[in-house]
Each structure stands twice: as C-alpha cells, then as structure tokens.
1. Can you tell me which residues in the range 115-135 are touching a helix residue (DSSP H, G or I) at 6+ places or on another chain (Cβ under 6 Å) and in a loop (DSSP other than H, G, I, E, B)?
2. Between Ala144, Ala133, Ala125, which is open to solvent by less than 40 Å² (accessible area, probe 1.4 Å) and either of a type outside the set (D, E, K, R) or modelled with pLDDT under 95 (or both)?
3. Only one residue in Ser173, Ser163 is of a type in the set (S, T, N, Q), part of a helix (DSSP H, G or I) and open to solvent by less than 10 Å² (accessible area, probe 1.4 Å), so which one is that?
4. Is it the case that the range 14-37 has a residue that's in contact with a Leu (Cβ under 6 Å, 6 or more places away or on another chain), modelled with pLDDT of 50 or more and surrounded by 12 or more Cβ atoms within 10 Å (Cβ to Cβ)?
5. Among all residue pairs at least 6 apart or on different chains, which show Cβ distances below 7 Å where the first residue, located in the range 48-64, is closer than 17 Å to Gly174 by Cα and the second is among the charged types (D, E, K, R) and open to solvent by 30 Å² or more (accessible area, probe 1.4 Å)?
6. The conditions are (1) of a type in the set (A, V, I, L, M); (2) in contact with a Leu (Cβ under 8 Å, 6 or more places away or on another chain); (3) surrounded by fewer than 20 Cβ atoms within 10 Å (Cβ to Cβ); (4) under 18 Å from Tyr39 (Cβ atoms), and Leu86 fails exactly one of them. Which is it?
7. Mind listing whichever residues of the range 146-178 are in contact with a Ser or Thr (Cβ under 7 Å, 6 or more places away or on another chain), of a type in the set (Gly, Ala, Ser) and free of Cβ contacts under 8 Å to residues at least 60 places away in the same chain?
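The values are calculated or read from the model by the stated rules, or taken from the named source; none is laboratory data. What you see is a predicted model, and the numbers here were worked out from it, not measured in a lab. Cβ sites come from the backbone with ideal geometry, for glycine too, and all protein chains shown count toward neighbours. Heads up: the accessible areas ignore ligands, DNA and RNA and are worked out on the full protein's heavy atoms, side chains in. Shrake-Rupley method; radii C 1.70, N 1.55, O 1.52, S 1.80 Å.
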Amino acid sequence: MTSCILSFSLLFLLSYHPLSSSAASSKLDEVCNNLGGWYVTPELCHSVFSADPQSSTADLDGIAIISANIATKNATSVVADLNKFLKASSDPNHQKALQRCLQVYTDAIPKLNGVAESIKSKNYAEAANVFSAALDVPAKCDDATSNYPPVRALVDRDDVYFSNVVLVARAVSGYLAS
C-alpha cells in the first residue's frame, strides 16, 4: 500500500515537472504558456497557431508576425463568407445587416495588414492597439445583426473565431511589449 502511494506521488510530481521540458520547449510554448494575464489559455493560443506549422519553430517576432497574418487571413475569410451570405439573402433588412458586417471586416483588413510592419520595427504596443481595435469588429457586426436572429446565427461562428484569433494576436503583442 505504501509503495503504491509512493509510486502515485512520484508519477504525480513527474507529470508537473517533465525531465525534458527545457529541451523540448519552443518559443511558441513560452509565449502560449505566459499569456494568461491577457486571458488567453495555452490551449486557445496553440489552437490558433496550429493554422501555421511554421509557428512551432519561429522566434518571438516570427510568432507575432504569424499571429498578424492569421488574423488578416481570418478577416479575409470572414469577408468571403459574408459575401456568400449576402448573395444568398433576399431580405433587404438582412442584406443591410450583412453589408454593415462586411464593411467593418473589410475596413479592418488594411489595418491588420500593417501590423506586421509594426512588429518588424519592434513597435509591439502599436500592434497591440491595432488588435484591440480589431476586437471591436465582431461587436459592431453583432450590433448590426442583433435584430435579425437568422443573420446573427450565420455570422456568429465567424465572429467568435475572429475574436479568438485577434485576442491571441493582441496578447502576443502585449507579451512582447512588456
């Protein structure tokens, strides 16, 4: 019985302190494991970066640039989805709501495109500010669609994913700024 408890205790301790953690640790792990202050879990961080296999070998600036690229690609993807939804809709009120969403996402893309340059010039605070402003995009889309549940249901998935991507990107920029 005592050896069983001792074995369990040893396994428990080793699970929290793996012997090879420092050798196998990457910059991505470093970043993802330290974003809690920005309310980003390591799981969310890793799930966002799983979209780009280069993130696992990138340096800190590379990770920040990759996060900006993922956010930009995601905004572009949302614009494509919104265009599809707009073409499929025949209700003028739904179309108006979708056009508002389309406009706020379209307006965000050039700003997100510029973030990589801010990161390259080590202006992480500016990058974080752009990402903070981009977090308003889904809220504006939600406001536009709030009176139209069918439209809101269409855009919610895109809005949530975009919010998560931008939240991680902002947290990475904030991490590098501090």
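1. Leu135
2. Ala144
3. Just a single option satisfies the conditions, and that option is Ser173.
4. Looking only at the range 14-37, we keep the residues that are in contact with a Leu (Cβ under 6 Å, 6 or more places away or on another chain), and these are 27.
From what is left, the residues that are modelled with pLDDT of 50 or more are 27.
Filter again for surrounded by 12 or more Cβ atoms within 10 Å (Cβ to Cβ), leaving 27.
Looking for residues that are in contact with a Leu (Cβ under 6 Å, 6 or more places away or on another chain), modelled with pLDDT of 50 or more and surrounded by 12 or more Cβ atoms within 10 Å (Cβ to Cβ), one finds at least one in the range 14-37, hence yes.
5. Here the result reads Asp59/Lys27; Leu60/Lys27; Ile63/Lys27, each pair linking the range 48-64 to a residue that is among the charged types (D, E, K, R) and open to solvent by 30 Å² or more (accessible area, probe 1.4 Å).
6. All conditions pass for Leu86, except number (4).
7. Scanning the range 146-178 gives no hits.
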